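> Just passing along the structure, written as structure tokens.
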Amino acid sequence: MPPVKEEFVSKLIDGKAIAAEINRENAAEAAAIAKEYGASPGLAVVLVGKDPASQVYVASKVKKCAELGLYSEKIVLPESATQQEVLDVVRSLNGNPAIHGILVQSPPPPQIDEQAVINAIDPAKDVDCFHPFNVGKLLLGDLSGLLPCTPWGVIQLLERSGISPAGKHAVILGRSNIVGKPMAALLMAKGKNADATVTVCHSRTKNLAEITRTADILIAAVGKPGFVKGDMVKEGVVVIDVGINRVPDPSAPKGTRLVGDVDFDSVAPKAARITPVPGGVGPMTIAVLMRNTICAFKASMKKK
Ligand code: NDP
């Protein structure tokens, strides 16, 4: 992102700094676990194929594990892998006592039924929180275990910036299984960091701007660069931009740059607080993934 104008700097919610704080907590927990059990929480990351973006994501997860003192395994299957081969890998990881979290990097090649693969992961090792069992728990308001990485990252950004959603109107743009739906479940839950009145919008929503202008907290997860403009928000709104979109930029070294779903320049003047892209929600997702792996380790110890 180009340098933020001086007048907006105090409005920024610094995801990089908050993720670093959570990762310091993760590293301390991993060190305490090593001392108590002589073991490390273990994460297995399964990559099917050679999608360049997926390769980058997988590498950064493995690197973060090493930094924080977590054990990790990277399993790479060829682009031509069959459904059975992927399921066999998942089942073998389910039975591997050194592995407490399993993640199959999305998107897999088209011949793979992603939901069937997710369903095969032991719910106790489902660190993405995508398994129907964990999604169901979330909707029932049970936040005691594994939590959806990006949406919980958003909740942490709010909490650690002193913003309470209680009684506020939270408007979520997007209803995907990864972001929009679990985000709504977390914000509408009862209790701390929740208790919001939630509206979920999507591509069939009518009068979208009328709804977004009533948001106290606006969470954009649409996947469209600069979709939210200044005239779609009210003064004093808190804006969380989940979007990660690569757009052409001839002035950038690689010819492209990352932008969010929010048009920062027109929205920031009206916002009370706002996340940048990059450096907002992005770094939180991995921090929560690490937290979930530690959580899965601890739960496995309780079962023994
Ligand atoms: P999806 O494509 O799965 O979902 C997009 C949602 O936006 C859909 O619900 C869609 O509606 C809705 N939508 C699309 N166009 C409009 C419109 N014109 N008006 C209103 N709603 C619209 O995306 P994801 O949820 O997976 O991701 C959203 C963004 O967040 C992407 O940019 C992605 O890269 C980013 N992301 C970032 C992460 C992070 O770590 N920061 C993690 C995950 C995602 P409908 O359902 O009707 O089609």
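> Of the residues in region 149-181, how many are under 15 Å from the mean Cα position of the chain (by Cα) and more than 10 Å from the ligand (Cβ to nearest atom)?
The total comes to 5.
> Also: Looking at region 36-58, which of the residues that are closer than 24 Å to residue 112 by Cα and without any contact (Cβ under 8 Å) to a residue 12 or more places away in the chain is surrounded by the most Cβ atoms within 10 Å (Cβ to Cβ)?
Step one: filter region 36-58 for residues closer than 24 Å to residue 112 by Cα, giving 43-58.
Filter once more, keeping what is without any contact (Cβ under 8 Å) to a residue 12 or more places away in the chain: 52-53, 55-56.
Numbers: 52: 7, 53: 11, 55: 14, 56: 10.
Only one residue tops the list, namely 55.
> Could you list, ordered by first residue, the pairs with Cβ atoms under 7 Å in which the first is in region 118-141 and closer than 19 Å to residue 294 by Cα and the second is at pLDDT 95 or above and small (Gly, Ala, Ser), at least 6 apart or interchain?
Close Cβ pairs (under 7 Å, with a partner that is at pLDDT 95 or above and small (Gly, Ala, Ser)) amount to 124/296; 124/299; 124/300; 125/101; 125/296; 127/101; 127/296; 138/185.
> Could I ask something else about it? Which residues, taken from region 245-277, are within 22 Å of residue 159 (Cβ to Cβ) and open to solvent by 10 Å² or more (accessible area, probe 1.4 Å)?
Correct list: 262, 272, 273, 276, 277.
> Taking only region 256-266 into account, find how many residues are closer than 10 Å to residue 226 by Cα and either away from the ligand (no atom under 16 Å from the Cβ) or of a type in the set (Val, Ile, Thr) (or both). So that I can check it myself, show each step before the final result.
Of the residues in region 256-266, the ones closer than 10 Å to residue 226 by Cα are 259-266.
If we keep only those that are either away from the ligand (no atom under 16 Å from the Cβ) or of a type in the set (Val, Ile, Thr) (or both) as well, we get 259, 262, 265-266.
Here the count works out to 4.
> Before we move on, is residue 116 more than 13 Å from the ligand (Cβ to nearest atom), within 28 Å of residue 23 (Cβ to Cβ) and open to solvent by less than 40 Å² (accessible area, probe 1.4 Å)?
Numbers: more than 13 Å from the ligand (Cβ to nearest atom): yes; within 28 Å of residue 23 (Cβ to Cβ): no; open to solvent by less than 40 Å² (accessible area, probe 1.4 Å): yes.
So residue 116 fails the test.
> Also, quick follow-up: Within region 15-33, is even one residue open to solvent by less than 50 Å² (accessible area, probe 1.4 Å), of a type outside the set (D, E, K, R), out of contact with any helix residue (DSSP H, G or I) (no Cβ under 7 Å at 6 or more places or on another chain) and not in a helix (DSSP H, G or I)?
No - not one qualifying residue is present in region 15-33.
> If the requirement is being under 18 Å from the mean Cα position of the chain (by Cα) and of a type in the set (Lys, Arg), which of these qualifies: 224, 234, 254? Steps first, please.
Numbers: 234 fails: under 18 Å from the mean Cα position of the chain (by Cα); 254 fails: under 18 Å from the mean Cα position of the chain (by Cα).
After ruling out the rest, the residue left standing is 224.
> Run down 220, 194 and say which single residue is within 11 Å of the ligand (Cβ to nearest atom), open to solvent by less than 40 Å² (accessible area, probe 1.4 Å) and either free of Cβ contacts under 8 Å to residues at least 40 places away in the same chain or not polar (S, T, N, Q) (or both).
Values: 194 fails: within 11 Å of the ligand (Cβ to nearest atom).
Testing whether each residue is within 11 Å of the ligand (Cβ to nearest atom), open to solvent by less than 40 Å² (accessible area, probe 1.4 Å) and either free of Cβ contacts under 8 Å to residues at least 40 places away in the same chain or not polar (S, T, N, Q) (or both) leaves just 220.
> I need a count of the residues in region 14-35 that are of a type outside the set (S, T, N, Q) and within 30 Å of residue 4 (Cα to Cα).
Step one: list which residues in region 14-35 are of a type outside the set (S, T, N, Q), which gives 14-22, 24-25, 27-35.
If we keep only those that are within 30 Å of residue 4 (Cα to Cα) as well, we get 14-22, 24-25.
Residues in region 14-35 being of a type outside the set (S, T, N, Q) and within 30 Å of residue 4 (Cα to Cα): 11 in total.
The values are calculated or read from the model by the stated rules, or taken from the named source; none is laboratory data. Since this is a predicted model, take the numbers as computed values, not measurements. When we count neighbours, we look across all protein chains shown, and the Cβ atoms used for this are built from the backbone with ideal geometry, even at glycine. Heavy atoms of the whole protein, side chains included, go into the accessibility calculation; ligands, DNA and RNA do not. Shrake-Rupley method; radii C 1.70, N 1.55, O 1.52, S 1.80 Å.
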